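The structure appears right after this line, and notes come after that.
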Amino acid sequence: MNLVAASARPFHVMAKPTGARCNCACDYCFFLKKERLYPGSEFRMPDEIMESFVRQMIEAHAGLPEVEIAWQGGEPTLMGIDFFRRAVEAETRYARAGQRVANSLQTNGLLIDGEWCHFLRENGFLIGLSLDGPRELHDAYRRDRAGASVFDRVVRAARLMREHGVEFNILATVNAANSPHPLEVYRFFRDELGARYLQLIPIVERENETGDQEGTRLTERSVEPAAYGRFLIAIFDEWVRRDVGSMFVTFFDNVLAASVYGESTVCALRRECGEALALEHNGDLYACDHFVEPRYLLGNIMSEPGGLAGLVASENQRAFGRAKQATLPRVCRECRFLFICNGECPKNRVLGAPDGEPGLNYLCAGFKRFFGRIQPFAAGLAAGRPPKLTLDQVLRVQEAADTVNRGLAGSAARSRPAAGRNDPCPCGSGRKYKHCCGR
């Protein structure tokens, strides 16, 4: 099978060279429980699988100028620097002329030192650093396997990477402990760490022994929906007032892109799933990082005739992607914010709708509160006149939205939802389409 033809669209794979193995034991980490899937494994990706993965990713994206290789875990740095040196060498061998391979790596930062920083900087790795805020908020749920604080080591890693010129993002979970303190969290990252890129991941943790997406009872660590909405609004208000164009909050960028262009680039807000998969250390490919479960195992990239691209293009994976829309309850399908969130991530759909239909997103109330708050801003942005911003800020916001939109090239959903000239504008402004975004 032709690997390029097998995948009609670009896709993203989170490669987990150490599987679920980690030197942290975060209370809310569902992935630690995935060790049970591979009893007796050493949880180290052999070079043969690593090299085959790199080759297949490059072949599947042969027509594109850039291929992203994403390393996650567990904790991928447990593989050691030499593993990633060999990965970079393999990328160099297999990359097409004029094609760039971009590496990203998600880490807790505990092993990051000067040698790591030199390697990451020299090879252009983009790092995601897991940190939940100031010490007392970070330490609430994130500790090492002995139960000790890791805060100082993570902050040291952030400062080392900044000193060495390593590009890094902060990945912060929003949970029951830090959600009441949005500005304290945000300002810590901005002012004390000097971070400029921030991902906010809500903790919606199911209470079970498997780590699978089953059951509807949530842990006390999960963020409350209303608190999540307030958290986002407080940070958004601060961002709009002073940080547009200098701080980049992934969720804000993508919500605004969805509001202006009709779709975002993050899978959680897209109409369908299926383009963000997970590769285990032994070559097993799963439909999604949040669904590393036996029923979502697509196959192994080393043994399937079509390899990686064939599994991505398989009917099982396409069905997984379509299910995101197919399982939406009626209350979601009729919601005025559907074009922004599309029901958000299926893993968070644990509630029943008011009419009893299953599949309502647990965070729905928080999302609605946030989307309603930003609608005047988004409507103004769509019409080229964001409220209460200087011209320079307007240009920077538009540039951020355009950057996200460029990732949607070729998508049929790129334009805003269809609306007649006299219909209400889909952006939610309350004006007719012809007097708002239809202009």
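The values are calculated or read from the model by the stated rules, or taken from the named source; none is laboratory data. Keep in mind the model is a prediction, meaning the values are calculated, not measured. Here Cβ is always computed from backbone atoms with ideal geometry, including for glycine, and neighbour counts include all displayed protein chains. These accessible areas exclude ligands, DNA and RNA; they are computed on the full protein's heavy atoms, side chains included. Shrake-Rupley method; radii C 1.70, N 1.55, O 1.52, S 1.80 Å.
Could you please tell me the mean projected area of the C-alpha convex hull for segment 1-127, averaged over all directions and given in square nanometres to one decimal? Present the calculation step by step, with values, prior to reporting the outcome.
Working: hull surface 35.3 nm².
Projected over every direction and averaged, the Cα hull of segment 1-127 covers 8.8 nm².
The separation of segment 68-134 from segment 265-299, counted between C-alpha centres, amounts to 21 Å. Surface exposure of the chain, expressed per residue as accessible area with a 1.4 Å probe, stands at 43 Å².
Per residue, the Cα convex hull of segment 204-322 amounts to 159 Å³. Using R0 = 45 Å, the C-beta based FRET efficiency linking residue 47 and residue 315 works out to 0.90.
A DSSP coil position with no more than 13 other Cβ atoms inside 10 Å describes the following GluC sites (Glu not before Pro) in segment 15-70: 42.
Each label point was placed 7 Å from the Cα along the Cα-to-Cβ direction; for residue 325 and residue 226 their separation is 3.5 nm. Inverting the pair-averaged 1/r between distinct Cα atoms of segment 62-127 gives 12.5 Å as its Kirkwood hydrodynamic radius. The Rg/Rh ratio of segment 303-345, with Rg taken over Cα atoms and Rh as the Kirkwood radius over Cα pairs, comes to 1.20.
So which of 34/368; 34/324; 33/368 end up more than 25 Å apart, counting from Cα to Cα? Display every interim value, and only then the final one.
Values: 34/368 33 Å; 34/324 23 Å; 33/368 32 Å.
Checking Cα-Cα distances, 34/368; 33/368 exceed 25 Å.
Relative to the longest principal axis of the Cα atoms of the chain, the long axis of helix 225-242 makes an angle of roughly 80 degrees. Here segment 1-144 carries DSSP beta bridges of which approximately 10% are antiparallel, counting only pairs with both residues inside.
You can think of it this way: the chain between residue 82 and residue 303 has 76.9 nm of extra reach, that is 0.36 nm per residue less the Cα-Cα gap. Calculate the FRET efficiency for residue 97 and residue 163 from the Cβ-Cβ distance with a Förster distance of 45 Å, rounded to the nearest 0.05. That gives a FRET efficiency of 0.80.
Counting Lys and Arg as +1 and Asp and Glu as -1, what is the net charge of the other residues whose Cβ lies under 12 Å from the Cβ of residue 291?
So the surrounding residues net to 0.
Eigen-decomposition of the gyration tensor built on the alpha-carbon atoms of segment 127-283 gives equivalent ellipsoid semi-axes of 23, 23, 18 angstrom, largest listed first. The residues neighbouring residue 280, those whose beta-carbon lies less than 9 Å from its own, together hold a net charge of +1 under the Lys/Arg +1, Asp/Glu -1 convention. The stretch between residue 201 and residue 148 holds 16.8 nm of extra length on full extension. This uses 0.36 nm per residue minus the Cα-Cα distance.
Comparing Cα centroids, segment 25-47 and segment 155-190 end up 26 angstrom apart. Rg and Dmax over the alpha-carbon atoms of the chain stand at 21.4, 64 Å.
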